[in-house]
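Worksheet: one structure, shown below.
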Amino acid sequence: MTNDHSTANPAWLTRGIILLLGLVAANLLAWRSIEPDLWGHIQYGEDWMHAGEMPTTATHTFSTPDQPWVNHENLFELAVALGQRTIGGPGLMIFKCVAGLWLLWTMVRVAQLRGVEKLAAVVAMIPVAWGLGEFWLARPQLFSFIFCGLMFLAVELAFRNWHSEQRVAFGWLWLCIPLMTLWTNSHGGFAAGLCVLLAILGLRSIELLLKCGLACWKTIGHFSVIGVFAILSVLVNPYGYELPYWMIVSLSQPRPEVSEWANILDGGVTVIPFTVLSILTITSLWLTRQRRDWVELVVLGLIAVQTLGHVRHLAFFAIAFGYWMPQHLISLWYRLVEWRPTLGTQEELTPRAVRWLTAEVAIVAAALLGMLGYSFATFGVDRSKYPVSAIEFMAEENISGRLVVTFDWAQYALTALAPDTTVGFDGRYDTCYPQVVVDINFDLLFGDDLSRRHRGQDSGPVDSNRVLEFGNPNLVLMDRIADPPAVAFLDHHAEWSRLYSDGRSVLWGRKSVFDDPASRAFMPSHRRRFSDEMPNGIAQWPGFPGRTGRDAFSPDVAAAFSRARIHATKLTATGFEKN
């Protein structure tokens, strides 16, 4: 692509702008760190490495310990567990950011291959980073986004000479097969990736048929063979056909309880980057002077439609935009320059202007670098969002058992309190919990409000008390801000009493266990702790009482800490008896 409208910037200024834009992108990719299921993902991978074999039934739960567990995120969990062992939590956050920048860099390289200048390509990455940043967390979706980018890259290299020579570099397409296998064992987003790959192969086949008919049957047949192998690749997993079958059943069920399954209009601020990306797409495609690839446009449109229905697809939309739209964006810019020529001109820089610009670039770069460093330096567990103080209280008082816990805190609780405490339900959802267990837990959290949830037909009427009896739990931990129906229900329950509360969390114990002086777990009123003050501060990762560092998730370390805590409790109890 040639550009007759632009005036070349000084090389140092171009490099400075690219540096600033890179730091902006890094901040967008780094600002969100911990998500509620990260603790569990690390723990499950650590458990697998520690035991030397993959668990086949649900772990860390008392409600359905014999339930088969179809874990479609095994490779991610092994990766983050290994990462925790080697580089720790902060290292995982840095890796997350670097991986995002690498993905954006591949998009820039593709744009350059399509004739876009580096600076223009880097500018086009900012809305992409904005769309990615909403979901760029250390979670299995991260591997989905990376594999999606690798697939788009392979497809781009395979069809690089398509329009000029109708030639396909099939070796790159065949790389999508092992990629799809890795993806299948890392995250359920492989289903979206498979659909995109099949759509591209199918539409390219239609394109060939329209141009040359059956004369191109060999190429079309090759596309078909790759498509068949891509479908078969999803069977290469520890569960065989059961994993894709479970995926089909699971995806057929609505998930209003999970915010990422909401439509884009109910997705909060995510509607803003989606709107920006959509407007840029429509406008640039309307006014571009570059070749419009109808296959890319159809696939991009399909992904956009999926994003309208499920906000979690925004990242896929941003990735497709990043690989396919920069050349159209720069063409749009040239049209704007034609309409307003002053946009494409600049005065020659004086020595004084050079000094000022240099200083401004340095100041802004320092500020952005400081923000990025602050994000990494303050990495930890926010006490105002997670029940760190409640978990510390349980450890201090040696409180353990079977815990009913609010959905977003369950995987933190089951790792922080292992091995003595198990949970009734957690973010693994229907991978290892039957629908009735899902429903009785949400009955407590949502009460009679069915607008935010889907209930199975066999789950019976809504009953907030069922979860308090199922599996005979002795503890309940709720978010007093997010779960007001549950808090009100338990505060008025005849069989449960508060053991601890602060401005964020409330812990109840079964009265027959903690209120009975004859019980070994009896807790007198002076040992209970109540406050309405919101906890503040950042707890050191991973927020486990008595366990820090890279081996904090080790089952051996957790067991040793448990034995030491129990021993200390016995000594304290003996001392009280002697006194």
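The values are calculated or read from the model by the stated rules, or taken from the named source; none is laboratory data. Quick caveat: nothing in here was measured; it's all calculated off a predicted structure. Every residue, glycine as well, gets a Cβ built from its backbone with ideal geometry; the counts of neighbours run over all protein chains shown.
The table below lists the values:
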| read-out | value |
| --- | --- |
| Total residues in region 199-231, condition surrounded by 17 or more Cβ atoms within 10 Å (Cβ to Cβ) and either outside any helix (DSSP H, G or I) or basic (Lys, Arg) (or both) | 1 |
| Out of PRO485, PRO542, PRO517, sole residue that is crowded, with 21+ Cβ neighbours inside 10 Å and either assigned to a loop (DSSP other than H, G, I, E, B) or within 32 Å of the chain's Cα centre (by Cα) (or both) | PRO542 |
| Meets criteria (part of a loop (DSSP other than H, G, I, E, B) and either under 22 Å from THR283 (Cβ atoms) or of a type outside the set (Lys, Arg) (or both)) for SER375 | no |
| From the options TRP136, TRP130, TRP69, residue that is more than 30 Å from THR14 (Cα to Cα), among the aromatic types (Phe, Trp, Tyr) and touching a residue at least 12 places away in the same chain (Cβ under 8 Å) | TRP69 |
| Some residue of region 318-330 being under 25 Å from ILE94 (Cβ atoms), assigned by TED's automatic domain parsing to the domain that holds SER531 and in a helix (DSSP H, G or I) | no |
| Any hit, region 30-39, residues being more than 30 Å from ARG402 (Cα to Cα) and either touching a Leu at 6+ places or on another chain (Cβ under 6 Å) or among the aliphatic types (A, V, I, L, M) (or both) | yes |
| Subset of region 131-189 that is part of a helix (DSSP H, G or I) and of a type in the set (S, T, N, Q) - its residue that is surrounded by the fewest Cβ atoms within 10 Å (Cβ to Cβ) | SER164 |
| Among the residues listed as THR281, THR275, the single one being over 30 Å from ASN441 (Cβ atoms), assigned to a helix (DSSP H, G or I), free of Cβ contacts under 8 Å to residues at least 12 places away in the same chain and among the polar types (S, T, N, Q) | THR275 |
| Residue list for region 232-253, restricted to those being loosely packed, with under 14 Cβ neighbours inside 10 Å and either over 30 Å from LEU208 (Cα atoms) or among the acidic types (Asp, Glu) (or both) | PRO238, GLY240, TYR241, GLU242, TYR245, ILE248, VAL249, LEU251, SER252, GLN253 |
| Test: LEU450 is crowded, with 20+ Cβ neighbours inside 10 Å and not aromatic (Phe, Trp, Tyr) | no |
| Members of region 284-317 that are in a helix (DSSP H, G or I) and without any contact (Cβ under 8 Å) to a residue 40 or more places away in the chain | TRP286, GLU296, LEU297, LEU300, GLY301, ALA304, VAL305 |
| Sole residue being of a type in the set (Asp, Glu), assigned to a helix (DSSP H, G or I) and over 29 Å from PHE76 (Cα atoms), chosen from ASP443, ASP448, ASP458, ASP463 | ASP443 |
| Candidates ARG504, ARG528, ARG466, filtered to the one that is within 35 Å of the chain's Cα centre (by Cα), without any contact (Cβ under 8 Å) to a residue 60 or more places away in the chain and surrounded by 16 or more Cβ atoms within 10 Å (Cβ to Cβ) | ARG466 |
| TRP102, sole failed condition from (1) in the same structural domain as TRP246 (by TED's automatic domain parsing); (2) farther than 23 Å from ALA158 by Cα | (2) |
| Failed item, numbered, when LEU175 is tested on (1) without any contact (Cβ under 8 Å) to a residue 40 or more places away in the chain; (2) within 21 Å of GLN141 (Cβ to Cβ) | (2) |
